[in-house]
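K.L.:
Below is one structure. I have some questions about it.
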Amino acid sequence: MWATNMSTKPEVWQGTLALMVLKTLNAMGPQHGYGIARRIEQTSDNLLSINHGTLYPVLLKLEQEGAIASEWGVSENNRRAKFYRITKAGQKQLASELTQWAQATDIVARFIALKGAKA
Amino acid sequence: MIRTLRRTWNRLLGSLRRNVDGDLAEELDSHIRLLAEENIRRGLPPEEAYRRARLQFGSVESTKESYRDQRGLPALDTLAQDLRYAFRGISKNPGFATVAILSLAIGIGANTAIFSLVNAVLLQPLAYKDPQRLFAVREISPLFAALGPVGVNPVHAREWAALCPSIEQATLVRGGPAQVVGGSTPMSVPGARVPHNFFALLGVEPILGRTFVPEEEQEGNDRVAILSETLWRSRFHADPSLVGKLVLIDGEKHEVAGIVSASFRPPYARAAEVFRPLALSLEESTRRTGNYNYAAVIRLRPGFSSEQALAEINVVQARFGKGLKATLMPLHELVTGRAQRGLWMLATSVGAVLLIVCVNLANLLLSRITSRSREAAIRTALGASRGRQFCQVLTESMLLAVSGGALGILFASWTIKLLVAATTLDIPRLAEVRLDAAVLAFAFCLILLTGLLFGALPAWRFTRNQPQDALRAGSHTVTEGRRGLRLRDGLISLEVGLSAALLIVAGLLATSLTRLLQVDKGFDASRVLTVNVGLAGNLYAEPASCERFFDRLLAKVSAIPGVQASGVITALPTQGDTWNDPIYLEGDGRRREERHPVNNRYASPGYFRAMNIVIRQGRAFEESDRGRSVAVLSEKAAKLLWPGQPNPVGRRFMGEDDKPKTLVGIVAEVRAVLDRDPPPTAYYPYWQRPPDGVSLVVRTIGGPLTVASALRAALRSEDAQLPIQAIRTMEEVVDRSVTQRRFQLTLMAIFAASALLVASLGIYGVVSYSVARRRNEIGIRMALGAQRSRLLGLVIRQGMAPVVVGLAAGVAVALLLGRAISGLLFGVQPTDPLTIAGVSVALLVVGALACLIPARRAAGTDAIAALRCE
């Protein structure tokens, strides 16, 4: 489902993916790419299966925007890995995006409820 | 918003950063390993674990690609790549790059320097308020028809201002020297007499003090002065309290009323540093005819055209005399007028030089592009778009243009400094010339244009390659197609044509200057020293005291050892057609304005000997003539008074002072302006009307400058307060009057020589390139028995064909444009066959030489080697 949607509506999903990345980093602290991907999959109860590769352009974009920062570290299996952490700007961005997202889902939910009542 | 900016900035940085691909690869690799290790932990065999991991990750390459696209700015990346290629391409060929950059630097530098001149002198508005409403007026009198428009009668100017509704104000100017005592020594500076409204009319405010008031135009009240900022700074230490104080001018105390800015260039008295009120005598302020001795400037009311104003002025003029008219000229044209045509000629020529440089580079690049046709074909085959390839080749030429241009701007700034330092040059507003923002903007546009001009054609050719043909042709064995050759030949013709036109113009100017310097001036300038002597102040208030001064001075000077002859005259030859007043026969019933004006000069007896002016009849005046009214006329002046009389010596006529004179001799014509026919001239002994300023001329026996210090001492001993001006040789004086021509000629010669050099380089480049490309063909011809001499002929013939075509076109252009420069020529027609023939021969010889070197190389080809080289 993820993969097919990626190809048709990448922006929408990329936007959402960015939100998930920020939320994950905010909740768990510094993580490498693998950790972030895994965590997103786990959070979604594996309903979302990500093509892990699609994560990297999103990480790059967030880093260019200054929402996250990265540095090289050592992973749990003693390998060199790049760790990402959320920045102050990123936390602000996350908060505002969460509000927006909540509003959006709220509105959509209302419409769905409306439809259900009529039917 | 901030986020987008930040991202763009980071992407910009990303474009500049190097070698981040490695980091990404490592990051992705570690990700896949982590995935695989988890799979192993789940119990999959390692191979299967890695396969699954790669599946889960998706395409590594497409991740890298979209990562790369986002990392930098793609346009910038492309540009950076093109620039890298361009650098590589240029550094592979340092010889070509040096020639290209240097020729561009010279072309762009020269254009920038000339533009800065054109900009300051012609394009920038005058520092006056609303200059488009300011006009210079001159009167046209039917009696002085031969002289063209003359100056203005002050009464006429007053009436125009009073009666013409379109005229807001009219003002007058009369230039003349002023002797100022500032500090300890007196000095003579250019000055002007102006009415009180002069500064207001031009819209100029003094930087200190005030301008004149109407009352100061009364005789007796006119002892006030306005000084230029330059004089104020150089002589009075920029003392702000000078205003209101008294300074000594021409021996009289004048109150300093104000200081005007150094940038103020008064019309008709460009260099004036002292302004005094114009107080007209009763005679002058009532005299309705003649007295065309003032310059006039008018300001029109807003909304009126110069045609309207002229029509109104001419109505007023008709009241003063039958046929009396006027002419208007925008003030800007007056200030720049004389320099205008010469400057435009220089600007056009220097533009042509740059065009030649461009054409030449285009040609050289075309040759290089043809040899890179395989590269282009391979690129096209690999999928590079035409636009992309076009841009890439263009980047190369832009890089050359920018490098050359930067160097050129450097050249230009040196050249401008040199030009401004050459102060003898009579170019108006020269001091305002500088490398300012406008000039830099011009240079920048020029660089872009140049890069496009010489880069576009080769770049276009580069993309027009048919990949199959180019790949199949194998590039070495086949003689190039006709199309490419024809294009390059056409460019050579263009270069040669432009060079021919420039050479012809330079040749015509050179002939003009030579003819001008060789023209019969009427005097002999060699071994003659001159110095201007101006007398002013109380000491010389009486004409008799001036006379005594010159008597004593001449006696002293003639006693200096090494002096052969000496004399004084009120105005030196070649220094201007001045003091035009009529002479006539007693009982001449005509009105003053109808009589013949001649140049009037007061001189000492020794003057004619000192200048070696030939005496045609009778004698020069002598000391023994003191007390008698005598005069000497030039041949033309005598003919005016006594047409058809072979020997009028001994007859009487009325001099410029309306007193009878006896003609004692007739002398040869002397040029008052070097490039104009000599005017009729009358000479009177100086004691008849002792002048307060003369030029002393001294003919020396040995080298003229050995006498200079003795001359200076003689002047000093006569009057220690006298400002001593520069002592020059007469040759130098004459030479200074042709400075502008010399300047034009020098620049044109430089332009034409560089054009010729560039064109010959171009011919050489194209011919030698085609010989190299045709090595194989030549080898076959030789193997088939072609004679060396025939091969030589073949190459030269083919190389010279475009030269001949270009030469013909260039000569045609020069013939057409000749009329435009005829005003700059002297004693030579723009169609001068000798100049054109000379230029043609020179160009053909240079062209043939440029062909000969590669042709000999072709003829020396070893057939076997040429064929085996494949």
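The values are calculated or read from the model by the stated rules, or taken from the named source; none is laboratory data. Model, not experiment: these values are computed from the prediction. No Cβ is skipped: glycine too gets one built from the backbone with ideal geometry, and neighbour counts run over all protein chains shown. Remember, those area values only see protein heavy atoms, side chains included, never the ligands or the DNA or RNA. Shrake-Rupley method; radii C 1.70, N 1.55, O 1.52, S 1.80 Å.
K.L.:
Report whether or not B:Thr63 is open to solvent by 60 Å² or more (accessible area, probe 1.4 Å), part of a helix (DSSP H, G or I), within 10 Å of chain A (Cβ to nearest Cβ) and of a type in the set (Val, Ile, Thr). Break it down into steps so the answer makes sense when it comes.
P.N.:
On the way: open to solvent by 60 Å² or more (accessible area, probe 1.4 Å): no; part of a helix (DSSP H, G or I): yes; within 10 Å of chain A (Cβ to nearest Cβ): yes; of a type in the set (Val, Ile, Thr): yes.
Taking the combined requirement at face value, the residue does not satisfy it.
K.L.:
Given the options B:Leu44, B:Leu13, B:Leu104, name the one that is more than 8 Å from chain A (Cβ to nearest Cβ), at pLDDT 85 or above and open to solvent by 30 Å² or more (accessible area, probe 1.4 Å). Break it down stepwise before answering.
P.N.:
On the way: B:Leu13 fails: at pLDDT 85 or above; B:Leu104 fails: open to solvent by 30 Å² or more (accessible area, probe 1.4 Å).
It is B:Leu44.
K.L.:
Let me ask you something else. Quick check on my filter: what residues within region B:202-238 are in a loop (DSSP other than H, G, I, E, B) and among the acidic types (Asp, Glu)?
P.N.:
Residues of region B:202-238 in a loop (DSSP other than H, G, I, E, B): B:203-207, B:210-213, B:218-223, B:237-238.
Result: B:Glu205, B:Glu219, B:Asp222.
K.L.:
Another question, if that's okay. When B:Ser234 is evaluated against the numbered criteria (1) open to solvent by less than 60 Å² (accessible area, probe 1.4 Å); (2) farther than 20 Å from B:Val173 by Cα, which criterion, by number, is the only one it fails?
P.N.:
(1)
K.L.:
Limited to region B:815-846, what total is found for residues that are modelled with pLDDT under 90 and of a type in the set (Gly, Ala, Ser)?
P.N.:
Residues meeting the conditions: 5.
Table: residues versus (1) under 23 Å from B:Tyr67 (Cα atoms); (2) of a type in the set (S, T, N, Q); (3) more than 14 Å from chain B (Cβ to nearest Cβ).
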residue: A:Lys23; (1), (2), (3): yes, no, yes
residue: A:Gly29; (1), (2), (3): no, no, yes
residue: A:Tyr34; (1), (2), (3): yes, no, no
residue: A:Thr43; (1), (2), (3): no, yes, yes
residue: A:Lys82; (1), (2), (3): yes, no, no
residue: A:Ala89; (1), (2), (3): yes, no, no
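K.L.:
Are any residues in region A:63-83 under 21 Å from B:Gly58 (Cα atoms) and open to solvent by less than 20 Å² (accessible area, probe 1.4 Å), and if so, which ones?
P.N.:
Matches in region A:63-83: A:Ala81 only.
K.L.:
Being exposed (fewer than 14 other Cβ atoms within 10 Å of the Cβ), at negative phi and either modelled with pLDDT under 85 or in a loop (DSSP other than H, G, I, E, B) (or both) is the filter here; which residues of region A:17-47 pass it?
P.N.:
Selection gives A:Gln42, A:Ser44, A:Leu47.
K.L.:
Let me ask something else. Going by the structure shown, is B:Asp677 assigned to a loop (DSSP other than H, G, I, E, B), at positive phi and free of Cβ contacts under 8 Å to residues at least 40 places away in the same chain?
P.N.:
no
K.L.:
Going residue by residue through region B:684-701, is there one that turns out to be part of a strand (DSSP E or B), farther than 14 Å from B:Ala525 by Cα and over 37 Å from the mean Cα position of the chain (by Cα)?
P.N.:
yes
K.L.:
In the set B:Arg84, B:Arg51, which member is loosely packed, with under 15 Cβ neighbours inside 10 Å, away from chain A (no Cβ under 11 Å), closer than 30 Å to B:Leu399 by Cβ and out of contact with any helix residue (DSSP H, G or I) (no Cβ under 8 Å at 6 or more places or on another chain)?
P.N.:
B:Arg84
K.L.:
When you scan region B:593-608, how many residues do you find that are outside any strand (DSSP E or B) and either under 30 Å from B:Val557 (Cα atoms) or in contact with a strand residue (DSSP E or B) (Cβ under 6 Å, 6 or more places away or on another chain) (or both)?
P.N.:
Number of matching residues: 7.
K.L.:
Right, B:Leu76: closer than 30 Å to A:Gln93 by Cα and away from chain A (no Cβ under 14 Å) or not?
P.N.:
yes
K.L.:
Further, regarding this structure: Filter region B:252-294 for residues that are at pLDDT 90 or above and open to solvent by 10 Å² or more (accessible area, probe 1.4 Å) and give the result.
P.N.:
B:Glu255, B:Arg276, B:Leu278, listed by residue number.
K.L.:
Right, next: Taking B:Leu449, is it farther than 22 Å from B:Asn360 by Cβ, modelled with pLDDT of 85 or more, of a type outside the set (Asp, Glu) and open to solvent by 60 Å² or more (accessible area, probe 1.4 Å)?
P.N.:
no
K.L.:
With the structure loaded, tell me whether B:Val439 is out of contact with any Gly (no Cβ under 6 Å at 6 or more places or on another chain), open to solvent by less than 50 Å² (accessible area, probe 1.4 Å) and at pLDDT below 75 or whether it fails that test.
P.N.:
Spelling it out, it is not the case that B:Val439 is out of contact with any Gly (no Cβ under 6 Å at 6 or more places or on another chain), open to solvent by less than 50 Å² (accessible area, probe 1.4 Å) and at pLDDT below 75.
K.L.:
Which one of these does B:Ala36 not meet: (1) more than 8 Å from chain A (Cβ to nearest Cβ); (2) over 17 Å from A:Ile50 (Cα atoms); (3) of a type in the set (Gly, Ala, Ser); (4) surrounded by 13 or more Cβ atoms within 10 Å (Cβ to Cβ)?
P.N.:
That leaves (2) as the condition not met.
K.L.:
What are the residue pairs meeting all of these: first residue in region A:65-80, first residue away from every other protein chain (no Cβ under 11 Å), second residue assigned to a loop (DSSP other than H, G, I, E, B) and surrounded by 13 or more Cβ atoms within 10 Å (Cβ to Cβ), Cβ atoms under 7 Å, and 6 or more apart or on different chains?
P.N.:
Sorted first by the residue in region A:65-80, then by its partner, the pairs are A:Ile68/A:Thr87; A:Ala69/A:Thr87.
K.L.:
Name every residue in region A:91-104 that is surrounded by 13 or more Cβ atoms within 10 Å (Cβ to Cβ) and either more than 8 Å from chain B (Cβ to nearest Cβ) or hydroxyl-bearing (Ser, Thr, Tyr) (or both), in order of residue number.
P.N.:
Correct list: A:Gln91, A:Leu94, A:Glu97, A:Leu98, A:Trp101.
K.L.:
Restricting the search to region B:806-826, which residues are touching a Leu at 6+ places or on another chain (Cβ under 7 Å) and either free of Cβ contacts under 8 Å to residues at least 24 places away in the same chain or on the phi > 0 side of the Ramachandran plot (or both)?
P.N.:
none
Here is a yes/no grid of residues against (1) out of contact with any Lys or Arg (no Cβ under 6 Å at 6 or more places or on another chain); (2) in contact (Cβ under 8 Å) with a residue 24 or more places away in the chain; (3) buried (at least 22 other Cβ atoms within 10 Å of the Cβ); (4) of a type in the set (Phe, Trp, Tyr):
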{"site": "B:Leu640", "(1), (2), (3), (4)": "yes, yes, no, no"}
{"site": "B:Met654", "(1), (2), (3), (4)": "yes, yes, no, no"}
{"site": "B:Leu663", "(1), (2), (3), (4)": "no, yes, yes, no"}
{"site": "B:Val667", "(1), (2), (3), (4)": "yes, yes, yes, no"}
{"site": "B:Tyr684", "(1), (2), (3), (4)": "yes, yes, yes, yes"}
{"site": "B:Pro691", "(1), (2), (3), (4)": "yes, yes, no, no"}
{"site": "B:Gly703", "(1), (2), (3), (4)": "yes, yes, no, no"}
{"site": "B:Arg716", "(1), (2), (3), (4)": "yes, no, no, no"}
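K.L.:
Give B:Val359, B:Val353 a once-over and let me know the one that is closer than 24 Å to B:Leu825 by Cβ and surrounded by 20 or more Cβ atoms within 10 Å (Cβ to Cβ).
P.N.:
On inspection, the qualifying residue turns out to be B:Val353.
K.L.:
Would you confirm whether or not region B:858-867 contains a residue that is open to solvent by 80 Å² or more (accessible area, probe 1.4 Å), within 28 Å of B:Leu366 (Cα to Cα) and either assigned to a helix (DSSP H, G or I) or acidic (Asp, Glu) (or both)?
P.N.:
Looking for residues that are open to solvent by 80 Å² or more (accessible area, probe 1.4 Å), within 28 Å of B:Leu366 (Cα to Cα) and either assigned to a helix (DSSP H, G or I) or acidic (Asp, Glu) (or both), one finds at least one in region B:858-867, hence yes.
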